[in-house]
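Presented below is the structure to which this report refers.
Please treat every number below as a calculation from the coordinates, not as lab data. None of these values were measured; they are calculated from a predicted model. Because the Cβ atoms are built from the backbone with ideal geometry, glycine has one as well, and the counts that use them run over all protein chains shown.
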Amino acid sequence: DAKTTQPPSMDCAEGRAANLPCNHSTISGNEYVYWYRQIHSQGPQYIIHGLKNNETNEMASLIITEDRKSSTLILPHATLRDTAVYYCIAPRANDYKLSFGAGTTVTVRA
Amino acid sequence: GAGVSQSPSNKVTEKGKDVELRCDPISGHTALYWYRQSLGQGLEFLIYFQGNSAPDKSGLPSDRFSAERTGGSVSTLTIQRTQQEDSAVYLCASSQRTADTEAFFGQGTRLTVV
């Protein structure tokens, strides 16, 4: 995988936007950026993915820089249920293998 | 089924016994992964079945661990002579083996070795 780096933790106020950064400076041109999250005691859950363009779905938005060396996951209105570990992954282009790093532990506070 | 199913959901076994964990992936998904997550730790990659290609076994921690995927569908993770350090949640995921599709995870099997 293209190595990704994320901050180990961050806090966010309930109702505010949460902006989660991810660096992937070695990403190849055909490797996607994926975001997953893992809520305590549950299996990981897919959030969103993108290649070059910014993406938005019902859960979040993904902003990818023009050089594709970094991205930001945006949770527009964080709720307490968004407290989780968030993983940024760039699966290998040759075999799509998913490898998870330590992720960012996001704590949403009331 | 609609999602990835794992069984059993919980397993308690005595040290030294063998255990088998089962994963039923989403129908049609050619990629299947096994991960291990010890208490308070991250997801540790174990093995990746990638369609007709040879499986990537690079994450298996010892020769006590093995996995197979029969007929490109159901997968079984076997741990022989279990040790207390094998206690963890074992997670399975499946996906269509393309660059542009997400993986779906099961709820895991919690293994406790006593």
* **Relative contact order (percent, whole number), chain A, Cα cutoff 8 Å, 6+ residue spacing** => 37
* With a point put 7 Å past each Cα toward its Cβ, work out how far A:Thr107 is from B:Thr112 in nm, to one decimal. => 2.7
* Structure fact -> With 0.36 nm assigned to each residue of separation and the Cα-Cα distance removed, B:Thr98 to B:Thr13 gains 26.9 nm
* Structure fact -> When the charge dipole of the protein assembly as shown is computed with +1 at the Cβ of Lys and Arg and -1 at the Cβ of Asp and Glu, the Cα pointing farthest to the positive end, of B:Ala2, B:Cys23, A:Ile64, is that of B:Cys23
* To do: Over the whole of A:96-107, what's the average partner chain Cβ count within 10 Å per residue? Rounded to a whole number, please.
  => 4
* Asked: Which semi-axes, in whole Å and largest first, does the equivalent ellipsoid of segment A:28-68 have when worked out from the alpha carbon gyration tensor as the square roots of 5 times its eigenvalues?
  -> 22, 12, 7
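Are there trypsin sites (Lys or Arg not before Pro) in segment B:1-46 that DSSP marks as loop and that have at most 16 other Cβ atoms within 10 Å, and which are they? Kindly include the intermediate steps, with their values, before the conclusion.
Numbers: sites: B:Lys11, B:Lys15, B:Lys17, B:Arg22, B:Arg36; in loops: B:Lys15, B:Lys17.
Those satisfying the criteria are B:Lys15, B:Lys17.
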* Any idea how far apart A:His40 and B:Lys57 come out in nm if each label point goes 7 Å out from Cα toward Cβ? -> 3.8
* Structure fact -> Expected integer from the mean partner chain Cβ neighbour count at 10 Å over A:38-46 is 5
* Net charge dipole size for chain A [Lys, Arg +1 and Asp, Glu -1 on Cβ; Debye, nearest 20] -> 140
* When a footprinting reagent is the concern and you count Cβ atoms within 10 Å, what order do A:His40, A:His24 take, fewest first? -> A:His40, A:His24
* Structure fact -> Note on chain B: contact order normalised by length, alpha-carbon pairs under 8 Å, 6 or more apart, percent, works out to 38
* Name every cysteine in the protein assembly as shown that ends up alone, with no second cysteine's Cβ under 4.7 Å, or say none. => A:Cys12
* Sites A:Asp95 and A:Thr5 - FRET efficiency at Förster radius 30 Å, r taken between beta-carbons, to 0.05 -> 0.85
